Amino acid sequence: MGHEAERNHIIRAVSDMTRWGTLDPAGGSVSVRAGTGNIVSTTASSAFVRWDITARNLMVYGPEGAIVERATDLAPPDAPLHLAIYREFPGCNAIVHSHAPYSLAFASLGLGVPSCTNKLDTMGEVPCFSSDDPSVKEDVLAGRVTIDVAECMGSRPDVIAGYVLTVNPQMLEHFGPRAAELDRHGLGFVVYRHGVFVFARHLDEAVENLTRIEVSARTALFQATLHGGISGIKPDAVHHPGATWSDGAYSGSSR
Ligand SMILES: [Zn+2]
């Protein structure tokens, strides 16, 4: 078993996030890029065993998705996103994804996470990207569109199509111009009705930055409570996947 340091680092991060309530058994993924260029990752079943995993339960795949070190299971369905981020952002060496509850409240309304704390101010905008469009899956199932499934993945082509054809292009369009920010902090986003993703220089930063997003989301919800519930969030900002707070959709003193 190679990549022992990276494996142990991931296990520690998973343990911490589970303890803090930012990683739950409904899903999520953690990966790091080793000095070899290979990617050490949790697997599709990591969440379903309630994150009760050891270093041996992690897998390693190459930059193009070939299996390097096997585990009992294959890479999670969001591996196409991890591969794209590592390919396009040489400064990124760690990715954390979870269905953390407070940021998911915003993602479920198609909203990015507003910055309500000084800690999140330094990370810049946390946008919301739309997720897979049913027509994309239909095109794949009907054979009108072909999706290559890398060796490291066990998911069906129609399952990963949402990442390859919908999330990845939005991620690259938004964060491509912001790549230099990785020298200073991680970059985060939420996916509509799904969860939060952070990519950063190293795993500790990614975990810490995901916590910043979650704490700001929690604070925004508490602010909305103080403002009188949903009236604390402008009604025209909801139900618009892709809307961002930087469009002026939200103001902490909007009432
Ligand atoms: Zn997920």
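The values are calculated or read from the model by the stated rules, or taken from the named source; none is laboratory data. Bear in mind that the values here come from a model prediction, so they are computed numbers and not experimental data. Ideal geometry is used to build each Cβ from the backbone, glycine not excepted, and the neighbour counts take in all protein chains shown.
Things to note:
- Of VAL140, VAL136, all but one fail to be over 27 Å from VAL215 (Cα atoms), surrounded by 21 or more Cβ atoms within 10 Å (Cβ to Cβ) and more than 16 Å from the ligand (Cβ to nearest atom); the exception is VAL140.
- Residues that are buried (at least 19 other Cβ atoms within 10 Å of the Cβ) and either over 16 Å from the mean Cα position of the chain (by Cα) or among the hydroxyl-bearing types (Ser, Thr, Tyr) (or both) were ranked within segment 13-38; the one that is nearest to the ligand (Cβ to nearest atom) is SER29.
- When segment 113-142 is filtered for residues that are among the β-branched types (Val, Ile, Thr) and outside any strand (DSSP E or B), the ones remaining, listed by number, are THR117, THR122, VAL136, VAL140.
- With respect to (1) more than 16 Å from the ligand (Cβ to nearest atom); (2) within 12 Å of the chain's Cα centre (by Cα), the lone exception for ARG212 is condition (2).
Yes/no matrix, rows are residues, columns are (1) away from the ligand (no atom under 16 Å from the Cβ); (2) within 30 Å of ARG7 (Cβ to Cβ); (3) basic (Lys, Arg):
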site	(1), (2), (3)
PRO127	yes, no, no
ARG144	yes, no, yes
GLU151	yes, yes, no
GLU181	yes, yes, no
ARG184	yes, yes, yes
LEU203	yes, yes, no
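To keep it simple, each residue is scored yes or no on (1) under 30 Å from THR42 (Cα atoms); (2) at pLDDT 95 or above; (3) of a type in the set (A, V, I, L, M); (4) surrounded by fewer than 20 Cβ atoms within 10 Å (Cβ to Cβ).
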residue	(1), (2), (3), (4)
ALA150	yes, no, yes, yes
VAL164	yes, no, yes, no
HIS174	yes, yes, no, yes
ARG178	yes, yes, no, yes
LEU203	yes, yes, yes, no
ILE213	yes, yes, yes, no
ASP236	no, no, no, yes
ALA249	no, no, yes, yes
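- Options SER15, SER98: the member that is within 17 Å of ASP204 (Cβ to Cβ) and in contact (Cβ under 8 Å) with a residue 40 or more places away in the chain: SER98
- Test: residue in segment 93-102 that is within 19 Å of the chain's Cα centre (by Cα), more than 20 Å from GLY154 (Cα to Cα), part of a loop (DSSP other than H, G, I, E, B) and within 13 Å of the ligand (Cβ to nearest atom): yes
- THR18 being touching a Ser or Thr at 6+ places or on another chain (Cβ under 9 Å), polar (S, T, N, Q) and under 25 Å from ARG193 (Cβ atoms): no
- When the residues of segment 77-92 are filtered to those that are in a loop (DSSP other than H, G, I, E, B) and within 12 Å of the chain's Cα centre (by Cα), the one that is nearest to the ligand (Cβ to nearest atom) is ASP78.
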